[in-house]
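Chemist: The structure is given below, and queries will be raised subsequently.
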Amino acid sequence: MIGKFIVFEGVEGGGKTTQIQLLRNWLLEKLQSGQPLSKSPDLEVIITREPGGTKVGKTIRELLLNADLSGEQIQERAELLLYAADRAQHIETLVKPCLERGAIVLCDRFIDSTIAYQGYGRGLDLALIQQLNHIATGGLKSDLTFWLDIDVEIGLTRAKNRGKIDRMEQADIQFHQRVKKGYQELAKNNPLIVQIDANLTIEKVQQQIQEIIIQKLVKWKYI
Ligand code: T5A
């Protein structure tokens with residue numbers, strides 16, 4: 001793959017959507033400005049997300065997060081498989097083709113969400129989740145993952161202030177604390193996960209992200 005796959009992770013309301021948009025604008029400005037240092041004037045920067053990055057994924061997302069199921073509960077293993085189905089479709093039809101033509105893909109959530117939410121949050125078997133992630137991705141990994149680390153309460157308050165909360169956001173606080181613990185464990189064991197303090201202002205969070213990205217762009221020979 002000649003492009004780069006950059007993932008944003010974290011608990012609810014950490015500011016992923018906000019930061020991804022800001023980073024895209026900044027990358028395009030930096031790399032397409034014709035500045036002498038830029039080696040990538042035609043660079044494509046794609047924003048996508050899981051669940052919901054494809055047409056199939058949008059339907060799965062609606063089912064997972066907002067559908068009125070008249071009181072029927074989505075079972076934990078069904079939830080796990082729905083996230084995996086969304087991912088399989090997303091990677092095959094959108095992410096891989098973009099990476100193959102050299103784009104930078106900024107993705108809101110990926111396999112670590114399943115480990116943190118379904119593994120640590122729901123308590124499903126971690127080895128099984130790893131296997132399922134592998135099936136869904138065909139082994140594709142991110143080149144860099146930003147973990148937007150925020151206090152669970154602050155993140156949930158931000159999400160609630162934004163309006164209607166979805167099925168996952170409605171889970172109890174202990175669930176979200178376990179999810180956070182999942183990200184802590186993941187970050188300990190994977191040097192490609194970069195922890196960002198997401199409790200700060202939008203500008204300060206973006207600044208931390210840009211500082212890391214600059215180093216990567218040099219390493220990856222984009223600038
Ligand atoms: N999930 C997902 C799983 O369980 N397993 C999986 O495998 C996968 C892939 C996805 C849900 O699915 C779960 C995880 C999630 O529960 P989603 O809507 O994509 O659902 O949920 P999130 O990814 O959590 O997205 P959110 O929209 O809730 O949060 P974001 O994108 O992290 O935050 P953002 O940018 O929308 O910001 C939230 C609010 O805070 C403000 C923003 O303006 C906005 O109002 N804000 C700030 N305010 C103050 N200071 C800052 N620094 C701020 N940054 C943003």
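The values are calculated or read from the model by the stated rules, or taken from the named source; none is laboratory data. Computed from a predicted model, the values in this text were never measured in an experiment. For neighbour counting, all protein chains shown are included, and Cβ atoms are generated from backbone atoms with ideal geometry for every residue, glycine included. For the accessible areas, the whole protein counts, side chains as well, though only heavy atoms, and no ligand, DNA or RNA atoms are used. Shrake-Rupley method; radii C 1.70, N 1.55, O 1.52, S 1.80 Å.
Chemist: Can you work out ³J(HN,Hα) from phi for every residue in segment 6-16, in order, using Karplus 6.51 cos²θ - 1.76 cosθ + 1.60 and θ = phi - 60°, giving whole Hz and x for Gly and Pro?
Modeler: Computed from phi, the couplings for segment 6-16 are 10, 10, 10, 10, x, 6, 4, x, x, x, 4 Hz.
Chemist: So for the pair Glu203, Leu82, with labels modelled 7 Å out along Cα→Cβ, what separation do we get in nm?
Modeler: The two pseudo-label positions are separated by 4.1 nm.
Chemist: What is the packing order of peptides 172-182, 73-83, taking the mean over residues of other C-beta atoms within 10 Å and listing the highest first?
Modeler: Most protected by this proxy first, the peptides run 172-182, 73-83.
Chemist: Still on this model: Cα centroids of segment 3-31 and segment 205-223: how far apart, whole angstrom?
Modeler: Measuring centre to centre over Cα atoms gives 12 Å.
Chemist: Report the gain in length on full extension from Ile135 to Lys181: 0.36 nm times residue separation, minus Cα-Cα distance, nm rounded to one decimal.
Modeler: So the extension gain works out to 14.1 nm.
Chemist: Just to confirm, what accessible area per residue do you get for segment 1-144 at 1.4 Å probe, in whole Å²?
Modeler: 48
Chemist: Further question: Per 0.36 nm of contour for each residue apart, how much would the distance between Asp166 and Ser70 grow if the chain were fully extended, relative to their Cα-Cα spacing?
Modeler: Additional length available on full extension: 33.0 nm.
Chemist: Expressed as a whole percentage, what fraction of the accessible surface of the chain belongs to carbon and sulfur atoms when a 1.4 Å probe is rolled over the protein heavy atoms?
Modeler: Percent of accessible area from carbon and sulfur atoms in the chain: 52.
Chemist: Please list 3J(HN,Hα) in residue order for segment 124-135, calculated via the Karplus relation 6.51 cos²θ - 1.76 cosθ + 1.60 where θ = phi - 60°; whole Hz, with x for glycine and proline.
Modeler: 6, 4, 5, 5, 5, 5, 4, 5, 5, 4, 5, 4
Chemist: What is the gain in length, in nm to one decimal, between Val56 and Ile223 on full extension, counting 0.36 nm per residue of separation less the C-alpha to C-alpha distance?
Modeler: 56.5 nm
Chemist: Which whole-Hz ³J(HN,Hα) couplings does segment 70-86 yield from phi under the Karplus relation 6.51 cos²θ - 1.76 cosθ + 1.60, θ = phi - 60°, glycine and proline marked x?
Modeler: Those phi angles translate into 6, x, 6, 8, 6, 6, 4, 6, 5, 4, 4, 5, 5, 5, 5, 5, 4 Hz.
Chemist: Tell me the mean residue ellipticity at 222 nm calculated for the chain from its helices only (DSSP H runs of n ≥ 4, each -39500 (n - 2.57), averaged over every residue, nearest 500).
Modeler: -14000 deg cm²/dmol
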